[in-house]
1. Which numbered condition trips up residue 47, out of (1) more than 21 Å from residue 182 (Cα to Cα); (2) touching a residue at least 40 places away in the same chain (Cβ under 8 Å); (3) among the acidic types (Asp, Glu)?
2. Scanning for something surrounded by 22 or more Cβ atoms within 10 Å (Cβ to Cβ) and at pLDDT 95 or above, does segment 55-68 turn up at least one residue?
3. Among the residues of segment 106-135 satisfying the criterion of being touching a Ser or Thr at 6+ places or on another chain (Cβ under 7 Å) and within 22 Å of residue 49 (Cβ to Cβ), which is most open to solvent (accessible area, probe 1.4 Å)?
4. For a quick check of your reading: which strands (runs of 3 or more DSSP E) sit entirely within segment 75-170 and have at least 2 residues that are more than 28 Å from residue 63 (Cβ to Cβ), polar (S, T, N, Q) and under 17 Å from the mean Cα position of the chain (by Cα)?
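The values are calculated or read from the model by the stated rules, or taken from the named source; none is laboratory data. These numbers were taken from a predicted model, which means no experiment stands behind them. Neighbour counts run over all protein chains shown; Cβ positions are idealised from the backbone, glycine included. For accessibility, only protein heavy atoms count, side chains too; no ligands or nucleic acids. Shrake-Rupley method; radii C 1.70, N 1.55, O 1.52, S 1.80 Å.
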Amino acid sequence: MVNIKTIAVLLSIFYFSSCSDDATGPDDGNDSGTPGESVVQVSGAIEGEHSGWALFNESELPFDTYSWGIAMTDNNIFHVDISASSTGDPVNRPDPGTYEIDSGTSTFLGIYTDIETGGIGAGADYEYSTLYEGTGGELVIEESTENFVSGSFEFVAANDVDDEGNLIDVVTVSGEFTAMNQDDVD
């Protein structure tokens with residue numbers, strides 16, 4: 001049975017990945033003409049260093065579920081989603097500080113998707129998440145305004161677990177971002 005948290009994560013990923021990479025941001029000093037910027041390194045079961053755009057969004061989802069998250073992607077090779085969700089209580093843009101990334105229950109959930117190998121909408125075979133025991137990390141918010149959020153992150157994620165609970169295909173994902181508010185991007 002699919003739970004509300006899974007639905008919220010999937011809707012959040014769908015919502016963030018539906019944005020094109022040719023959007024322009026608001027006149028806020030971001031001269032790059034992109035929705036924001038990100039640099040992401042991944043090591044372990046897969047390796048790579050990627051750069052792309054970054055957006056953040058606060059949304060209300062079905063079933064009285066709320067979500068706030070940062071999406072980083074280039075739409076071709078990688079997608080990183082760091083999000084928090086809650087049933088009943090809104091999830092607001094975080095203030096500067098350090099936040100835990102783990103299963104996303106009362107903290108942030110981290111997901112890395114290997115689009116290059118799996119294609120658009122890669123799915124579970126190409127997705128590495130912090131849903132498993134022994135995974136997790138930290139999100140550091142350095143600046144947080146209505147228009148942009150900047151910071152860094154690092155988390156350990158896995159593709160799955162075996163019958164004994166051992167992690168399968170472990171990756172470490174880290175990076176930096178300046179994410180623009182999705183509502184401000186055309």
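1. The number of the failed condition is (2).
2. For segment 55-68, residues surrounded by 22 or more Cβ atoms within 10 Å (Cβ to Cβ) and at pLDDT 95 or above: present.
3. Taking the candidates together, the pick is 126.
4. 148-161
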